[in-house]
Amino acid sequence: MIRERAYPVDPWHIRETRLDLDLLAQSESVFALSNGHIGIRGNLEEGEPHGLPGTYLNSFYELRPLPYAEAGYGFPESGQTMINVTNAKLMRLLVDDEPLDVRYGDLRSHERVLDLRAGTLERTAEWVSPSGQAIRIRTVRLVSFTQRAVVAFLYEVEPLHASARLILQSELVANEQLPPMSKDPRVAAVLDHPLQAEEMLEQRTGGLLVHRTKASDLRMAAAMEHLVEAPGRHAVTTEGHPDWLRTTVACKLEPGQRLRVVKLAAYGWSSNRSLPAVRDQVGAALASARLDGWDGLVEAQREYLDQFWDHSDVKVEGDPEVQQAVRFGLFHTLQAGARAEQRPIGSKGLTGPGYDGHTFWDAETFVLPALTYTQPSAAADVLRWRHSTLDLARERAQTLGLQGAAFPWRTIRGQECSAYWPAGTAGFHIGADIADAVRRYVQATGDLDFEREIGLELLVETARLWRSLGHHDRHGRFHIDGVTGPDEYTAVVDDNVYTNLMAQQNMFAAADACQRHPEVARRLGVDEEESASWRDAAASVHIPYDRELGVHQQSEGFTRLQEWDFENTPPEAYPLLLNYPYFDLYRKQVIKQADLVMAMYVRGDAFTPEEKARNFAYYEARTVRDSSLSACIQAVLAAEVGHLELAHDYLGEAALMDLHDLHRNARDGVHVASLAGSWIALVAGLGGMRDFNGQLSFAPRLPSRINRLDFSLLWHGKRLRVDVTPEEVTYSLRNGGGAARLELVHHGKEIEVTQVKPVTVPIPEAPPIGAAPRQPAGRAPVRRVGAGG
Ligand code: BGC
């Protein structure tokens, strides 16, 4: 596990000052670079030692059979696994016949720095070979945000004390051997040799490899080219093999002289295009990279990020560790989505093989809120991708005997890939989560073209699903039975409050949108009767409540289940899913992740403040946070019910999930939902931002140690800045043109902000709060107050 403070606190950098070989896999995830299209793990250039080599292309996967001991009707037959594609990171160095390998000789100094403003990973090291030759290397790499097919590397090496013969071998390697995986179900399947060679082309300074997958029938190409600067005589040659290509640079340097090699690489893939077409595509990408050269790519990367930070940065004063972690989180959120361009965002982005590279509700519910308000076009693209999978979702609904569209719980290309029904297809709420993301995006941007062309059909088909999945009882109440809500330790239940409230919103939103776009609605076959039936079902959704305890039931009957014996559950038994049978988890009051608490955030308009406070205390005592998706949402509700210090603790947990490897599986990739969730914890938690029914509202309050919170949101193209201190808040507007104005609600009071006139308003005194809620024994979050930093 990464120890606290493995990376020194620094507002804009993640710095590693010594190489811990036991933590290589974790740091490879932390230092992964991606633009949403290509992802490369932070492997050392020389390839070895490594934790987990990894290079990924969004949606490039292989099929594999899903084995069942006992198959059942409607079980998906085949799964999709994101594969490790051709590796362009490899640059091996030979120093006077000895390979640079940090396990041998003496690594006198080592530093790696992820620069969040430059968008680069830089490594500097001094190494003395076993025979005593000292060298200094400096490498810098980037995955371009501006040229989405391009990855670039700079490699500089110089001898320190004596002349040295240096041979740099820069490679493209397909079908790398991967270490075996553990039995943890959250890890990925390892496929042996998933790529079949189709073409190899070698030129003097680079070349290209084309491969194809066997079952999924996808084709990919990777190409590379080198720009070499060396004093004096040097030789450059390239040789190839169907699965690898190697450019070798040989030279002899005196101390003070330097070899500098820029490696440009390009990737492309397609399920349709011919071999020549894919080959030409990467050739063109490489030509375009060459046009900019190393300096141009570096400059464009910084400009792209300057713009991103200008409208997305969140400043947190008083807790520098959280400040760093939140920026790290935003950076990875951007990396996951920036150039995904109508492809999904996986739960690990493109930083590791965890969960087979699948996308879940993590994308729509955790990542898209942050992207919608900072990088809205990326949010729209994810929803366009969902829209492109509608036929598959309709087919799935049909197989299940339902109407409308049943979106997969986990997938890469749209087919359901979960082999476990209770934590798979039964998580029907994914449909409402997608609908909610559509609602949020349209509301935040006013993009009615998107609503007409993409959003409406998603709303309609998901509303149809709910209408056919649920039923009216003899009293007219609408029930949705046999589903799994967010809490995967309580499965296949009736009337999960989260699911029901989200379905309610989904059905109302669909009916409203049909009214706005009657023609498109007609084309989708929606008539008055159908939309009336959605409104009718939505209005009579049943919400289970325990009168005796005065709390909502997460699902029907939940509060009468047996309590979990937390006192006798040892710390090493977490996550419980790895140590107890689901049978036991399902029949007791133990909650994996925010579920009713999640409902109180996303459908906060359906609860009174008193209900929120009582429910929060009740569910807090039963929630173990075995999912990384929990802490950020608990932060939001803790803040809303007045427990600001607890909100701060949960914010810290969400933001530090990977920098501190809190779930001990950062090796498989970063937890994108939690990292994006730290934005939610700050903006919706401490900032109290909500967007119910088209109304933007805030209720900021700061915990004792945070003395300033400053964030911005894009709302209909205007940039709203919210600058919070303990006593007051200043709202200001930018980019909206001189006449721009925005009405918003501050702690229940309407105010108007114009571009010419920022508004400063006091924060009202906080209402009294009850006793601090308790967590299950041993599961309290790490306290931020007194935590140093
Ligand atoms: C959580 C899900 C989540 C998935 C992928 C599971 O552990 O329970 O809510 O979607 O991980 O992150």
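The values are calculated or read from the model by the stated rules, or taken from the named source; none is laboratory data. What you see is a predicted model; the values in this text were computed from it and never measured. Glycine gets a Cβ as well: all are built from the backbone with ideal geometry, and neighbour counts include every protein chain shown. Ligands, DNA and RNA are excluded from the accessible area calculation, which covers all protein heavy atoms including side chains. Shrake-Rupley method; radii C 1.70, N 1.55, O 1.52, S 1.80 Å.
Here are a few things to note about the model shown:
- Residues (surrounded by fewer than 24 Cβ atoms within 10 Å (Cβ to Cβ) and aromatic (Phe, Trp, Tyr)) located in region 652-697: Phe692
- Any chance Lys263 is open to solvent by 60 Å² or more (accessible area, probe 1.4 Å) and touching a residue at least 60 places away in the same chain (Cβ under 8 Å): no
- Within region 337-380, considering residues that are charged (D, E, K, R) and within 16 Å of the ligand (Cβ to nearest atom), the one surrounded by the fewest Cβ atoms within 10 Å (Cβ to Cβ): Asp356
- Criterion violated by Tyr582 - all others in (1) open to solvent by 30 Å² or more (accessible area, probe 1.4 Å); (2) more than 20 Å from Thr499 (Cβ to Cβ) satisfied: (2)
- Looking across region 629-648 at every residue that is open to solvent by 10 Å² or more (accessible area, probe 1.4 Å) and not hydrophobic (A, V, I, L, M, F, W, C), the one that is nearest to the ligand (Cβ to nearest atom) is identified as Glu640.
- Conditions (1) part of a strand (DSSP E or B); (2) in contact with an Asp or Glu (Cβ under 9 Å, 6 or more places away or on another chain); (3) open to solvent by 10 Å² or more (accessible area, probe 1.4 Å); number of the one not met by Gln26: (1)
- Condition check for Pro422: buried (at least 20 other Cβ atoms within 10 Å of the Cβ), modelled with pLDDT of 95 or more and within 16 Å of the ligand (Cβ to nearest atom): no
- Any chance Val759 is touching an Asp or Glu at 6+ places or on another chain (Cβ under 7 Å) and surrounded by fewer than 18 Cβ atoms within 10 Å (Cβ to Cβ): no
- Residue check, Ile412 open to solvent by less than 10 Å² (accessible area, probe 1.4 Å), in contact with a Gly (Cβ under 8 Å, 6 or more places away or on another chain) and either within 14 Å of the ligand (Cβ to nearest atom) or farther than 22 Å from Asn500 by Cβ (or both): yes
- Extreme residue, farthest from the ligand (Cβ to nearest atom), among residues of region 608-624 that are open to solvent by 20 Å² or more (accessible area, probe 1.4 Å) and touching a residue at least 24 places away in the same chain (Cβ under 8 Å): Pro609
Per-residue answers, yes or no, for (1) in a strand (DSSP E or B); (2) of a type in the set (D, E, K, R); (3) open to solvent by 20 Å² or more (accessible area, probe 1.4 Å):
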| site | (1), (2), (3) |
| --- | --- |
| Pro49 | no, no, no |
| Ser59 | no, no, no |
| Arg64 | yes, yes, yes |
| Ala69 | no, no, yes |
| Phe75 | no, no, yes |
| Gly79 | yes, no, no |
| Leu93 | yes, no, no |
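- In region 213-232, the residues that are touching a residue at least 24 places away in the same chain (Cβ under 8 Å) and assigned to a strand (DSSP E or B) form Cβ pairs under 9 Å with partners that are aromatic (Phe, Trp, Tyr) and surrounded by fewer than 23 Cβ atoms within 10 Å (Cβ to Cβ), at six or more places apart or across chains, as follows: Leu227/Trp294.
- Among the residues of region 286-299, those identified as open to solvent by 30 Å² or more (accessible area, probe 1.4 Å) and either among the aliphatic types (A, V, I, L, M) or assigned to a loop (DSSP other than H, G, I, E, B) (or both) are Ala287, Leu291, Val298.
- For Arg103, the criteria (1) in contact (Cβ under 8 Å) with a residue 40 or more places away in the chain; (2) open to solvent by less than 50 Å² (accessible area, probe 1.4 Å) hold in every case but one, which is (2).
- Filter pass, Ala444 being modelled with pLDDT of 95 or more, touching a Pro at 6+ places or on another chain (Cβ under 7 Å) and of a type in the set (Gly, Ala, Ser): yes
- Residues in region 585-606 that are over 18 Å from Gly694 (Cα atoms), open to solvent by 20 Å² or more (accessible area, probe 1.4 Å) and away from the ligand (no atom under 16 Å from the Cβ): Arg587, Lys588.
- Hey, Glu653 among the acidic types (Asp, Glu), free of Cβ contacts under 8 Å to residues at least 40 places away in the same chain and in contact with a Pro (Cβ under 7 Å, 6 or more places away or on another chain) or not: no
- Unmet criterion (only one of (1) within 16 Å of the ligand (Cβ to nearest atom); (2) open to solvent by 10 Å² or more (accessible area, probe 1.4 Å)) for Gly401: (1)
- Residue match in region 187-206 (condition: within 16 Å of the ligand (Cβ to nearest atom) and either surrounded by 17 or more Cβ atoms within 10 Å (Cβ to Cβ) or among the charged types (D, E, K, R) (or both)): yes
- Residues located in region 649-682, provided they are among the small types (Gly, Ala, Ser), away from the ligand (no atom under 11 Å from the Cβ) and more than 19 Å from Phe711 (Cα to Cα): Ala666
- From the list Ala491, Ala537, Ala510, the one residue that fits, being assigned by TED's automatic domain parsing to the domain that holds Gln342, surrounded by 14 or more Cβ atoms within 10 Å (Cβ to Cβ) and within 21 Å of Val382 (Cβ to Cβ), is Ala510.
- Arg302 vs. criteria closer than 30 Å to Val683 by Cβ and either assigned to a strand (DSSP E or B) or of a type in the set (Lys, Arg) (or both): yes
- Within the set Val761, Val745, the sole residue that is over 34 Å from the mean Cα position of the chain (by Cα), outside any loop (DSSP other than H, G, I, E, B) and either in the same structural domain as Pro570 (by TED's automatic domain parsing) or touching a residue at least 12 places away in the same chain (Cβ under 8 Å) (or both) turns out to be Val761.
- Some residue of region 149-170 being in contact with a Ser or Thr (Cβ under 6 Å, 6 or more places away or on another chain), outside any loop (DSSP other than H, G, I, E, B) and either of a type in the set (S, T, N, Q) or surrounded by fewer than 20 Cβ atoms within 10 Å (Cβ to Cβ) (or both): yes
- Of all the listed residues (Leu383, Leu392), the sole one being part of a helix (DSSP H, G or I), open to solvent by 10 Å² or more (accessible area, probe 1.4 Å) and closer than 25 Å to Pro353 by Cα is Leu392.
- Checking region 451-459 against the condition returns a match, with at least one residue being basic (Lys, Arg) and part of a helix (DSSP H, G or I).
- Where Leu334 falls short, out of the listed (1) within 16 Å of the ligand (Cβ to nearest atom); (2) hydrophobic (A, V, I, L, M, F, W, C); (3) surrounded by 24 or more Cβ atoms within 10 Å (Cβ to Cβ): (1)
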